[in-house]
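Report on the structure given below.
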Amino acid sequence: MARASLGSKPSVLRCSRCGKFVDWEDSRLQIVCGCRPHVQLPPVSVRQSADDDRARVRALFVTDFGRSKFIAFGEEFQAETVPAIVAEIGGDLAGALAYRLQQGVLQIVALATDPEWQRSGVGGKLVDFAEHVARDAGASHVAVATTNDNLPALYFYQRRGYRLTEVATDAIRTANDDAVIVGFAGIVIRDEFHLVKAIDPPHAVEQG
């Protein structure tokens, strides 16, 4: 397996109390009810990316992850070389989802949202569009790989019907030559989690 160095993500999370950006390692989870106001989302357009989007998509992933290379499903990906879905607000790139179709499954390789639009629904719209792409391509499932520290992602996907199907123990540590890498909330990154959602065929959706 190709090796790609991972590091703690840059300051791309926003504090829900004061609005400041927080380092990935210094972030914490908290229990809240639905009382906090959500960001009002202007009109957002979601579409397949075009060739002239590649530089913007790469820049967004570098901003979000600190790099444009990812390890997912036991392989290394360069974000701008795989298909992507983009979300735009006012002509600006608000989010991007990189994916590949393989053996009847759409695999989400990476998902990034501009920090300005966190908690605004952009990520959900990208995943919804990816599920439509999977359905139109005849795929039976959508799968996503994330790391053991990424509690926000585990929350995000499970709320959307994704189920944990596999834990690749020590996959991330092995891919980084056993280096100790600290991730979200100070959790050491070691394992890769796979989550999967079954996709209804197009005719079933139409009949429903």
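Every number here is computed from the coordinates shown, using simple stated rules; none is lab data. Fair warning: this is a prediction, and the values are worked out from it, not measured in the lab. Here Cβ is always computed from backbone atoms with ideal geometry, including for glycine, and neighbour counts include all displayed protein chains.
Under a cut-off of 12 Å between alpha-carbon atoms, report the aspartates and glutamates in cross-link reach of Lys69, not counting same-chain residues fewer than 8 places apart. Those aspartates and glutamates meeting the cut-off are Glu80. Think of each Lys and Arg Cβ as +1 and each Asp and Glu Cβ as -1; about the Cα centre, that makes the dipole of the stretch 41-207 roughly 260 debye.
What is the extension gain from Glu75 to Arg119, computed as 0.36 nm multiplied by their sequence separation minus the C-alpha to C-alpha distance, in nm to one decimal?
Working: separation 44, 0.36 × 44 = 15.84 nm, distance 2.93 nm.
Extra length available between Glu75 and Arg119 comes to 12.9 nm.
Can you tell me which of 100-111, 180-191 comes out highest on packing, and rank the rest after it, using the mean Cβ neighbours within 10 Å? Display every interim value, and only then the final one.
On the way: 100-111: 18.5, 180-191: 16.6.
Going by the mean number of other Cβ atoms within 10 Å, highest first, we get 100-111, 180-191.
What number comes out for the charge environment of Ala145, summing +1 per Lys or Arg and -1 per Asp or Glu over other residues with Cβ under 10 Å away?
Numbers: positive: none; negative: Glu75, Glu166, Glu192.
Neighbourhood net charge equals -3.
Which residues does the label zone of Thr63 cover in the stretch 74-95, counting backbone N under 13 Å from a point 7 Å along Cα→Cβ? Within reach of a label on Thr63: 87-95.
In whole percent, what relative contact order does the stretch 129-208 give with Cα contacts below 8 Å and a gap of six or more residues? Don't skip to the end; give the middle numbers.
Working: 114 pairs, mean separation 34.9, N = 80.
Relative contact order of the stretch 129-208: 44 percent.
The residue among His194, Pro42, Ala96 whose Cα reaches farthest toward the positive pole of the charge dipole of the stretch 41-207, with charges on the beta-carbon of Lys, Arg, Asp and Glu, is Pro42. Centroid-to-centroid, using Cα positions, the stretch 117-171 and the stretch 172-200 are 14 Å apart. Mean sequence separation of contacting Cα pairs (under 8 Å, at least six apart), scaled by the length of the stretch 41-207, corresponds to a relative contact order of 19 percent.
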